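Working notes, beginning with the structure itself.
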């Protein structure tokens, strides 16, 4: 009799376990999936930015998700860049034919401050001096070549030897955050990739010749100033 | 009684000595605390000597934005970046501005300083809600790129009566975002060049 009661009790406990454990597991899973859903997909971010039309960066409300959660969902970034001057961090993931990037503040690698889509433009190689490589950045407006900038990049921002066999007129694609500091030559603080894209066409070369002329004049003026300063 | 009198006089002397000493120590402590915020001149020189893009990083723990205001006074211009919503506070200095960028999550913390860049631009046209200018490349008289400003970024009536080709001075952080038309995320002032020339003449006269 006692055995039967024990048996019944055991069975009840087993049923309870069989019912309760899956319920707990289901609750945990749903909680985890709820937490995961706080991280937007790359597509969502891309569409949100495109819907803004004119800007290619959007602010991210703090505290919605952490950078760590973003990496769990998107994987580790393909490129990491830090702005030398303000130590702002950019983490970029390849997406479509460019990048989606997250902006983190200098000493806070937990919160994502903003998201952006990289801008792709073309550049014509102009020349180099001891520490910099110079390009003519072509404007975004397809039928206009007038809005060009001469930009310079420190040599140490390229892999060793990467710029050794490059010639005047070589064309490059640049993916960057779209910000150009307006000095002469201009400065692009953050870029995600610079890749060869063939040769500049006749029209582009005509303008590149003029830009190179101006750059050579600037080299000469700079040298004069340096000599005068002793 | 004599002994008591002696103790009282000793206590009095101690008070006379100790209280001013404590006050002096507290004052010097306060002065040390105040001196944590650098002067505008220090920041300006540091930026000009160290930075090519006119910006430098500031260790957030060095001093607070409030301490900076105690030392520099209230900023002349407050701006929020159109895209990243970063907060900019700018103080007039020389013929431009020195600006501080505040942490968007801890507004009392300054994370970078910058010196404004002054460029010229010519007014091109406007539509219902946007003004278009041609930003002139540094040292060039020809156009560099077309830039657009939402009408809400100017005071009401500020751009009324402006004619095509009119020249303006813009003080901004020097960054132009590449789109067509281009975007200047943060500017501190846009003034007609005539006005800028008049102000420059006034300040020269004041110095004389």
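Throughout, read-outs are computed from the coordinates displayed, never taken from laboratory work. Only a predicted model underlies this, so the values are computations on that prediction, with no experimental measurement involved. Glycine also receives a Cβ, built like all others from the backbone with ideal geometry; neighbour counts cover every protein chain displayed.
R0 = 25 Å: FRET efficiency of residue B:69 with residue B:153, Cβ-based, nearest 0.05? Kindly include the intermediate steps, with their values, before the conclusion.
Details: r = 24 Å, r/R0 = 0.97.
Computed FRET efficiency for residue B:69 and residue B:153 comes out at 0.55.
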Using R₀ = 41 Å, calculate the FRET efficiency as 1/(1 + (r/R₀)^6) where r is the Cβ-Cβ separation of residue A:203 and residue A:228; round to 0.05.
0.60
Taking Cα pairs closer than 8 Å and at least 6 residues apart, the relative contact order of segment A:79-230 in percent is 19 percent
Does anything in segment A:77-111 have its amide N under 20 Å from the 7 Å Cα→Cβ label point of residue A:195, and if so which residues?
A:77-81, A:91-102
Between 0 and 90°, nearest 10: helix A:42-51 axis offset from chain A longest Cα axis
50 degrees
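Averaging sequence separations of C-alpha pairs under 8 Å and six or more residues apart, then dividing by the length of segment B:46-134, give the relative contact order as a whole percent.
Reported as a whole number, the value is 26 percent.
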If R₀ is 56 angstrom, what is the calculated FRET efficiency for the pair residue A:164 and residue A:20, using the beta carbon separation as r and rounding to 0.05?
0.25
Which shape class, rounded, prolate or oblate, goes with chain A when its Cα gyration tensor gives a ≥ b ≥ c as root eigenvalues, a/c under 1.5 marks rounded, and past that a/b bigger than b/c marks prolate?
prolate
Please compute the average number of Cβ atoms from other chains found within 10 Å of each residue's Cβ in peptide B:179-187.
4
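Normalised by the residues of segment A:75-159, what does the relative contact order come to in percent, with Cα pairs under 8 Å and at least six apart?
15 percent
Divide by every residue of chain A the summed helix terms, -39500 (n - 2.57) for each DSSP H run of at least 4, and state the resulting mean residue ellipticity at 222 nm, rounded to the nearest 500 deg cm²/dmol. Don't jump to the answer; show the numbers that get you there.
Numbers: 4 runs with 81 residues, N = 230.
About -12000 deg cm²/dmol.
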